[in-house]
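The values are calculated or read from the model by the stated rules, or taken from the named source; none is laboratory data. Computed from a predicted model, the values in this text were never measured in an experiment. With ideal geometry, Cβ positions are generated from the backbone for all residues, glycine too; neighbour counts draw on all protein chains shown. These accessible areas exclude ligands, DNA and RNA; they are computed on the full protein's heavy atoms, side chains included. Shrake-Rupley method; radii C 1.70, N 1.55, O 1.52, S 1.80 Å.
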Amino acid sequence: MTTDGIKRSGRWDRIVLKLSGEAFAGEAGYGIDGEIAAQIATEIVKVRAEFDVDVAVVVGGGNIWRGMTGAGAGMDRAQADYMGMLATVINALALQDTLERLNQPTRVQTAIGMAQVAEPYIRRRAIRHLEKGRVVIFAAGTGNPFFTTDTAAALRAVEVEAGVLLKGTHSGTDGIYTADPRTDPNAERLDEVQYLDVLSQGLRAMDSTAVSLCMDNKLPIVVFDLMKPGNVSAILDGQLIGTLVS
Ligand code: UDP
């Protein structure tokens, strides 16, 4: 918050933050690390306190289960994908608990009905929650196998008319590079790139379905290092953080 307690208006009024499941796992690579969840939740609360911005979150599930892993081991792909979608709900409930312990009102909405633990996804209701200052966590991806939570994030962002999709990365990657920076010493980070270049050059940002959906709906994407505290605020403030896809 500013010193006079007035919230600033950032670059966008409403944002969708995509958190990959692996981000929750921290060093362990599996499960949920409470400290990381608290760090992410603190960042969300801080941004809401500082800026007049609605925040919706789409969580992944890769820290628990990925459909492709099961399919690779011979499982039915759709069955394995449904398991992945359920994994995202576990992360969503963990994030909800962490946010609520910081006194941030939240709602979880799932794309697969599970009335005992969360609301079903209802677009108008999600928008109403956002207008009331609640953080809405979208779980269970799109509700359909053969998709990813990146695509769910693009879809929800377009549906709730967010101004931007913020795709948080972890494991030290802080944007989109010309090649994999972990293996290629000549890889350069791009400040800005066009959707079509991401698609045609196969740049590692989000899957092509997600990028296409953003392109078709002119929804900008910022790929940034989620693990660096203050990055979300800095992006809203207009600073050059990560890579802007537009
Ligand atoms: N998934 C799916 N449909 C969706 C979203 C996710 O079938 O709309 C499944 C898919 O098996 C995926 C898993 O859920 O591997 C976890 O999501 P994702 O891999 O996107 O999570 P992240 O990489 O962000 O942790």
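Miscellaneous remarks
- Rg ratio for the chain: its Cα radius of gyration over 2.2 N^0.38 Å, N being its residue count, equals 0.96.
- Amide proton proximity set for A139, modelled H, under 5 Å, gap of 5+: Q109, T110, A111
- Largest accessible area first, the listed residues K228, K7 line up as K228, K7 when surface is computed with a 1.4 Å probe on the assembled protein chains.
- Surface share of carbon and sulfur [accessible, 1.4 angstrom probe, percent] for region 47-169: 52
- Scaled against the 2.2 N^0.38 Å expected of a compact globular protein of N residues, the Cα radius of gyration of region 121-211 reads 1.28.
- The alpha-carbon atoms of region 167-246 define a convex hull whose volume equals 85 cubic angstrom per residue.
- The stretch between S200 and T42 holds 53.2 nm of extra length on full extension. This uses 0.36 nm per residue minus the Cα-Cα distance.
- Here the relative contact order of the chain, from alpha carbon pairs under 8 Å that lie six or more residues apart, stands at 21 percent.
- For D180, solvent-accessible area (1.4 Å; no DNA, RNA or ligand), Å²: 40
- Taking the DSSP bridge list for region 127-246 and keeping only pairs wholly inside it, about 40 percent are antiparallel.
- Column: log10 I(q)/I(0), Debye, Cα scatterers of region 24-81, q = 0.17, 0.18, 0.22, 0.29 Å⁻¹: -0.71, -0.74, -0.87, -1.09
- Unsatisfied cross-links (Cα-Cα over 22 Å) in the set K46/K167; K132/K218; K7/K167; K7/K46; K46/K228; K132/K228: K132/K218; K7/K167; K132/K228
- Centroid-to-centroid separation of region 88-107 and region 33-86 [C-alpha atoms, Å]: 12
- Between the beta carbons of S9 and S246, assuming R0 = 22 Å, the FRET efficiency works out to 0.65 to the nearest 0.05.
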